[in-house]
Amino acid sequence: MVNKERIFSGIQPSGRLHIGNYLGAISQFVPLQDTYDTVFGIVDLHAMTQLYEKAGMSERITNAAVNYLACGLDPEKAILMLQSGVPEHTELAWILATVTPLPWIQRVPTFKEKARHQPDNVNMGLFNYPVLMAADILIYKSVAVPVGEDQRPHLELTREIARTFNTRFGDFFPEPAEIISTGEGARVIGLNGKNRMSKSLDNCIYLDDEPDVIREKIAKQGVTDPARVKRTDAGNPSICNIFTWHKLFSTKEEQAYCAKECRRAGFGCLDCKAILTKNILELLVPIQERQKELMADLNKVKEIIRDGTNRARKIAQETMKEIRDITGLTYLS
Ligand code: TYM
């Protein structure tokens, strides 16, 4: 059998998954599992870098696993794993930390943003976050990482860390490329039309939101062209977030129709939103049916994660053995 190249990506179990996670990440994972060896992680150790509710951790891990599977990841093809079940990730993170100059982390935009967001909890884990992420990727010698646009600086840093390690200890890690969707899916804006859709902001459509909740969120919270106040005002689709979402969910014909009707005040924002909602539900309802089936057999979901974690650990242990050799940590071997 030919050895395929490997790909890793991960999602934090820090809340319910939303359509930004789907479009930026999971929808990219699904086709990759046919052409690469794929490892998809639920990165619970990363989720500990913010204050979190301990009692809900297992439930959030379940939610991530169920969504991975409901969106089309196939445990026969891809490895689905839990980060804390493979301690080699943290072992490698330590080694990588020793080749990472401090200023590299200080300039990572996500670190600065998170430090601003949680000023009372700027912990060492937050500082080490990008190094642990590099370890997640490099422990599998991944050649590429499918992610949303917000993760690009982390991938740049991962390559720099790999390069520094290779210069110091000999050519070992590939320099992984990011795989980022080319369209609007790379950075899905939230319902408020301003910020990136994010679990930490109240601006999400969740993958398990009931259809009525989705209808109501889009109708009531979905921000449109702010200058279009009355039904009779002509709107400008190019500054309307609902129209941006149309580009993600609607056909070219529907997009053209909505743009035209908006510009000539031929229909109201609610009519435009109804077309969008129909299309979002067409995508989400089958996913939600699979979610329900999986939720009815959580033992099976746990077995899939346990099995994937064991398979991932075997690969990670092999890599760590090689790393111990090339870094001189061999005294007891
Ligand atoms: P996380 O959990 O914040 O997000 C998971 C994935 O979803 C993407 N994403 C989005 N894409 C488009 N639009 C959005 N609004 C949006 N919101 C989230 C993210 O870009 C990501 O791909 N640091 C990572 C987790 C991680 C990881 C890794 C990823 C840890 N180790 C190794 C890849 C490889 C994170 O916080 O993702």
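Overview of values
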{"quantity": "Residue match in region 74-83 (condition: within 12 Å of the ligand (Cβ to nearest atom) and either open to solvent by less than 30 Å² (accessible area, probe 1.4 Å) or farther than 30 Å from Ile242 by Cβ (or both))", "calculated": "yes"}
{"quantity": "Filtered residue count, region 120-159, keeping only those that are within 14 Å of Glu178 (Cα to Cα), more than 9 Å from the ligand (Cβ to nearest atom), touching a residue at least 40 places away in the same chain (Cβ under 8 Å) and part of a helix (DSSP H, G or I)", "calculated": "3"}
{"quantity": "Selected residue (criterion: farthest from Asp208 (Cα to Cα)) from residues of region 294-317 that are surrounded by fewer than 19 Cβ atoms within 10 Å (Cβ to Cβ) and among the polar types (S, T, N, Q)", "calculated": "Gln317"}
{"quantity": "Residue within region 193-210 that is surrounded by 14 or more Cβ atoms within 10 Å (Cβ to Cβ), in a helix (DSSP H, G or I) and not acidic (Asp, Glu) present", "calculated": "no"}
{"quantity": "Residues of region 251-273 classified as part of a helix (DSSP H, G or I) and either touching an Asp or Glu at 6+ places or on another chain (Cβ under 6 Å) or touching a residue at least 40 places away in the same chain (Cβ under 8 Å) (or both), total", "calculated": "4"}
{"quantity": "Of the criteria (1) within 29 Å of Met133 (Cβ to Cβ); (2) in contact (Cβ under 8 Å) with a residue 60 or more places away in the chain, which one Arg163 fails", "calculated": "(2)"}
{"quantity": "Pair list, Cβ < 7 Å and 6+ apart or interchain, from region 86-104 residues that are under 12 Å from Ile139 (Cα atoms) to residues that are outside any helix (DSSP H, G or I)", "calculated": "Glu88/Ile139; His89/Ile139; Leu92/Ile139"}
{"quantity": "Filter result for Val43 (surrounded by 19 or more Cβ atoms within 10 Å (Cβ to Cβ) and among the β-branched types (Val, Ile, Thr))", "calculated": "yes"}
{"quantity": "Some residue of region 53-71 being surrounded by fewer than 18 Cβ atoms within 10 Å (Cβ to Cβ) and in contact (Cβ under 8 Å) with a residue 60 or more places away in the chain", "calculated": "no"}
{"quantity": "Hits in region 245-278 (condition: among the hydroxyl-bearing types (Ser, Thr, Tyr), closer than 21 Å to Ile214 by Cα and open to solvent by 30 Å² or more (accessible area, probe 1.4 Å))", "calculated": "Thr251"}
{"quantity": "Qualifying residue in region 311-327 (condition: under 21 Å from the mean Cα position of the chain (by Cα) and assigned by TED's automatic domain parsing to the domain that holds Glu76)", "calculated": "yes"}
{"quantity": "Where Gln33 falls short, out of the listed (1) open to solvent by 30 Å² or more (accessible area, probe 1.4 Å); (2) under 17 Å from Tyr140 (Cβ atoms); (3) more than 14 Å from the ligand (Cβ to nearest atom)", "calculated": "(1)"}
{"quantity": "Residue match in region 168-177 (condition: modelled with pLDDT of 95 or more, surrounded by fewer than 18 Cβ atoms within 10 Å (Cβ to Cβ), more than 10 Å from the ligand (Cβ to nearest atom) and of a type in the set (A, V, I, L, M))", "calculated": "yes"}
{"quantity": "Any hit, region 184-191, residues being in contact (Cβ under 8 Å) with a residue 40 or more places away in the chain, open to solvent by 30 Å² or more (accessible area, probe 1.4 Å), in contact with a Leu (Cβ under 9 Å, 6 or more places away or on another chain) and assigned by TED's automatic domain parsing to the domain that holds Pro103", "calculated": "yes"}
{"quantity": "Residues of region 194-210 classified as farther than 15 Å from Asn63 by Cβ, within 8 Å of the ligand (Cβ to nearest atom) and not hydroxyl-bearing (Ser, Thr, Tyr), total", "calculated": "2"}
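The values are calculated or read from the model by the stated rules, or taken from the named source; none is laboratory data. Since the model is a prediction, treat every value here as computed from it, not as a measurement. All Cβ positions, even for glycine, are placed from backbone atoms using ideal geometry, and neighbour counts span all protein chains on display. These area figures cover heavy atoms from the full protein model, side chains too; ligands, DNA and RNA do not enter into them. Shrake-Rupley method; radii C 1.70, N 1.55, O 1.52, S 1.80 Å.
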